[in-house]
1. Rounded, prolate or oblate: which fits the protein assembly as shown, taking a ≥ b ≥ c as square roots of the Cα gyration tensor eigenvalues, rounded meaning a/c under 1.5, else prolate when a/b beats b/c?
2. Determine the relative contact order of segment A:29-166: mean sequence separation of Cα pairs under 8 Å and six or more apart, normalised by residue count, in whole percent.
3. Would you tally the net charge around residue A:300, using a Cβ to Cβ cut-off of less than 14 Å, leaving residue A:300 out, and scoring K and R as +1, D and E as -1?
4. With a bin width of 5 angstrom, please list the P(r) values of segment A:44-103 as percents of all Cα-Cα pairs, from the 0 bin to the one holding the largest distance.
5. How high is the relative contact order of chain A, given as a whole-number percent (alpha carbon pairs under 8 Å, six or more residues apart)?
6. From the phi of every residue in segment B:41-56, what ³J(HN,Hα) in whole Hz does the Karplus formula 6.51 cos²θ - 1.76 cosθ + 1.60 yield, where θ is phi - 60° and glycine or proline is x?
7. Dipole of the protein assembly as shown (Lys/Arg Cβ +1, Asp/Glu Cβ -1, origin at the Cα centre): which of A:385, B:207, A:165 lies farthest to the positive side?
8. So what is the relative contact order for segment B:106-235, in percent, with contacts set as C-alpha pairs under 8 Å and at least six apart?
Amino acid sequence: MQFTTRRRLVATSLTIALGATGLAACGSGDDDQEAGGPVSLTYWAWAPGMDKVADIWNATEGKKQQIKVTVKKQASGDDLVTKIITAAKAKKAPDLVQAEYQALPTLVSNDVLADISGEVKGAEGEFAPGVWQQTTLGTDAVYAVPQDSGPMMFYYREDLFEQYGLTVPTTWDEFAQTARALKKKDPSKALTTFSSNDSGLFAGLAQQAGAQWWTTEGESWKVGIDDAATKKVAEFWGGLVKDGSIDNQPMYTPSWNKALNTGKQIAWVSAVWAPGTLTTAAPQTKGKWAMAPLPQWSKGERKTGSWGGSSTAVTNDSAHKKAAARFATWLNTDSAALAALVKEGGIYPAATSAQTGGALSEAPAYFSNQPDFFTTAAEVAKTAAPSAWGPNVNVAYTQFRDSFAQAAKNKSDFTAALGAMQEATVSDLKKQGFEVTG
Amino acid sequence: MTAVTTRRTAPAAGTTPGTAQGPPRRAPRDGRRIAWVPTMALLIGAAYCLLPVAWIVVAATKSGRELFSTFTFLPGTGFTANIADLSAYRDGVYWRWMLNSLFYAGFGALLSTAVSALSGYALAVYRFRGRETIFNVLLAGVLMPPVILAVPQYLLMAKADMADSYLSVLLPLILSPYGVYLARIYAAASVPADVVEAGRMDGGGEWRIFRSVALPMMLPGLVTVFLFQFVAVWNNFLLPYIMLGDDQKFPVTLGLYTLLQQGSNTPALYTLVITGALLAVVPLIALFLVIQRFWSLDLLSGAVKS
């Protein structure tokens, strides 16, 4: 009996092994069989309601072209990038992925994303140049189609600003004065906080100041995290934290929600998606907030940074890249698709034509007191500064959280924290085998 | 487990700390003094473990509006609405995740216990060449955090074309070094060599001896292994996170994570996640309550003498 069991075991494991090789052989079939038969694509995305938008495609355009898209909902974040890269290592990545702009260089340098310039070149005109540039990484290739963007803005409690006799700051100098004026009038309040838990905010502020964190020079990378522009931003916020003009507690915590809800903090530097966050964080202050363009570094300038935003990319593992690229283009440029994305996913579309009118003709319910919310937002979106991402944004971001959390807590030197961020990023790039100059 | 702990510590906190377990009034009569330091340490420990649970219980009753605005431990009014919202979210996918978790944890723990029982028994009872080496390798496996194995396991599964399937999560769980280790220790302690020898004298085959004689003796130990595995799989995050791409196959841990991380432009669904987390603890509590009685067997399972 023992003997037969063992033999069966050997036989089964052999079958499994043989089966695996057989399947592996099938998997590496030829690239694009466009002509033949219906195509089925999988799409990893995190935006809410993306499956419903895909259903629209499957019922209309997709039906005509015999391309069916299935959405597999994922959790967003840096971990998803790792997961996609791991899947690509095993040649099992889905056909389409939703990817944040800052993740694109990481994915490209790991050879995950396909160049779809041939299929999507025509879509370039639909987007602001600063947004489109993020999907090309400054090359002739196109690695993704922009989906949503996060132009940054200044949000403030209109009623409390009036109560304390404050004016909306148009420059960062005025911003600092406003913070100090508020502290003088009511020491228990703070204009806002410097948060170390979301690196995207700091990156966006640095972009506005003109920072270029990753650039290429020929074959090598140049890291400019501690460039003059970013230093200026770090010193500015470090100074405000140090003299106690603003709070130093992180965002998105229950106590931060409470501070917004009870008016302990009366402003927030955020992006176009803030209404959604405020709806859950500060439900009792609905209708009391207003949005204004971000304060500027010099008077009369009109610039903003970007915080958040993502794109739709096609992977190298896809056996139907052309079909996938066609879906990605439809998803982010077709008016019906964009309307559904806005309605179901609550995104702020990157396509300029969709930024006003349609689903965005009315202000978000939370901002019913500011009927021109999206008209203003579209104006701000046009002024987004270009961003420059590199292949190890995740490392820089992790280091930001570590060293700036310390610096904010101890109210110590922000430039030293910035130096640590630069150093960690450069040494990681070198460790990964990239050439680094400067 | 939590419910039990609460019941036991609750009276202790009020009147006579430290004597809740034994007959309550004996300690003072014996003239023994209550050991305040250990008692306080234990009470602080209990509070430390129970406060988050209490928070989850209270927070699950709050509506989105109340969650961050009312006093932390003041119950809210939205419990039923929260459950209804959670069940309605994406056509009840939460309950699918719960079923998935039950399958992964229940079936996985059962298989893993069976493997642990067999190998633990073999390691404890038979003497064969390489036995200690195998055991030492297992010990090394106990020290190895499963986290670092997740990616290699994924690559292996992908090679066998089994990634993103129920099996891909189930298979790596079956061999648990800790389970085998526990089973061996337990078998060595509870199955005396004399009993096995007696079985052989009576003409029982090895399989029969294992099944009819050793297995019942090992049962309390195996229950422990089962529980450990069940809890470990139920709480497992990284392995399914890497293995699974299809959200219809997610266990509840992963599913709740997708509710939290919806991208920067969408707020996290805190109320749903909190309610979901609370409901996800219920099966664990139920399991502990049901399985507790098996542990009392431990006292009855005498060896050869007595």
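Quick note: the coordinates plus some simple rules give every number you see, no bench work behind them. Keep in mind that what you see is a predicted model, and the values were worked out from it rather than measured. Please note: Cβ atoms are built from the backbone with ideal geometry, for glycine as well, and neighbour counts cover all protein chains shown.
1. Details: a/c = 2.14, a/b = 1.41, b/c = 1.52.
Oblate shape, in that a/c is at least 1.5 and b/c is the bigger or equal ratio.
2. Numbers: 123 pairs, mean separation 26.7, N = 138.
After rounding, I find 19 percent.
3. Details: positive: A:299, A:302, A:303; negative: A:173, A:174, A:301.
The answer is 0.
4. Computed distribution, short to long bins: 4, 18, 24, 22, 15, 13, 5, 0.
5. Values: 784 pairs, mean separation 113.5, N = 438.
That works out to 26 percent.
6. The phi angles translate into 4, 5, 5, 4, x, 4, 4, 4, 6, 8, 4, x, 5, 4, 4, 4 Hz.
7. Positive-most Cα among the choices belongs to B:207.
8. Values: 114 pairs, mean separation 57.9, N = 130.
Answer for segment B:106-235 is 45 percent.
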